[in-house]
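Visitor: Dumping the structure here so I can ask a few things about it.
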Amino acid sequence: DPEKGWYVPEIGYVTAPLHSGVAAFDINCRCRTRDQVRGFPPDERYVRGDGIKPYQTYDQWKQEIIEREKSRNIDLSGGNGIFKADNKAVREWYVSSIERIHDSIDQSLPMEEKARQAFEIRNRIKTEARNMMKDQNLRASLDASDTKSSFEKLVVSKMERKGMTRAEAIEDVYNTAVKSNKDVNKELGISDVNEN
């Protein structure tokens, strides 16, 4: 609504994306704005990694996803808006998301900035993937065994464990952040992906 803003169920109208005043919602908000000239509805859009695609509203996109995922053992009925899926489907989503990290980062940036961005994006993808897991007992186990580390601690760890210089360790952080683990992929029957 041009006068009231965006309507968000359970919150009401907000002035713009990430401006609801409810931290839990804003942190997970994926809303974006787009310019549109009245009388000229959009018919195409650019999708990073996929090129030009026919324009879809969110509701059209959501329905397409629901129809496509019905056969893949994915539960889209959760009231919190998070898809719940079996381990293989979550891993396929995770691998697909990891493969896009490289393309989402400005390659003209210094290596340390690219590595920091890749590190943060991968951690966000990992959290989203774990939120989608139907098996929350396995998720708890993964969270417990996952040693959360800051970017700096990871760089220092690589320098100590692998005898790398700081520059080599930073580049290694980047290279490993944009690839998925081939052993986990193989265990779940996922192949032909960009693996480390």
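Visitor: Using the structure shown, select from Lys53/Lys134; Lys84/Lys126; Lys62/Lys182 the pairs with a Cα to Cα distance greater than 21 angstrom.
Guide: Details: Lys53/Lys134 31 Å; Lys84/Lys126 14 Å; Lys62/Lys182 30 Å.
Violating the 21 Å limit, Cα to Cα: Lys53/Lys134; Lys62/Lys182.
Visitor: Among Ile125, Ile27, Ile11, which comes first, then next, by fewest other beta-carbon atoms within 10 Å? Don't skip to the end; give the middle numbers.
Guide: Numbers: Ile125 19, Ile27 8, Ile11 13.
Result, fewest neighbours first: Ile27, Ile11, Ile125.
Visitor: Straight-line reach only, C-alpha to C-alpha below 18 angstrom: list the lysines that Lys153 could link to, leaving out same-chain residues fewer than 8 apart.
Guide: Lys114, Lys162
Visitor: Could the peptides 164-174, 91-101 be put in order, highest first, of the mean number of other beta-carbon atoms found within 10 Å of their residues?
Guide: 91-101, 164-174
Visitor: Oh, and also: Below 20 Å, Cα to Cα, which aspartates and glutamates can Lys148 reach? Residues fewer than 8 away in the same chain don't count.
Guide: Correct list for Lys148: Glu112, Glu113, Glu120, Glu128, Glu160, Glu171, Asp172.
Visitor: Next question. Provide the per-residue ³J(HN,Hα) series for the stretch 94-101, in order, calculated from phi with Karplus coefficients 6.51, -1.76, 1.60 and θ = phi - 60°, each as a whole number of Hz, with x at glycine and proline positions.
Guide: 4, 4, 4, 5, 4, 4, 8, 4
Visitor: Using the Karplus curve 6.51 cos²θ - 1.76 cosθ + 1.60 with θ = phi - 60°, work out ³J(HN,Hα) for each residue of the stretch 152-167 in order, rounded to whole Hz, and write x for Gly and Pro.
Guide: My calculation for the stretch 152-167 gives 4, 4, 5, 4, 4, 4, 5, 4, 6, 6, 10, x, 8, 6, 4, 4 Hz in order.
Visitor: Further question on the same structure: Near Lys4, which aspartates and glutamates are there with a Cα under 19 Å away, not counting those fewer than 8 places off in the same chain?
Guide: Straight-distance partners of Lys4: Asp26, Asp35.
Coordinate-derived values only; no laboratory data. These numbers were taken from a predicted model, which means no experiment stands behind them. With ideal geometry, Cβ positions are generated from the backbone for all residues, glycine too; neighbour counts draw on all protein chains shown.
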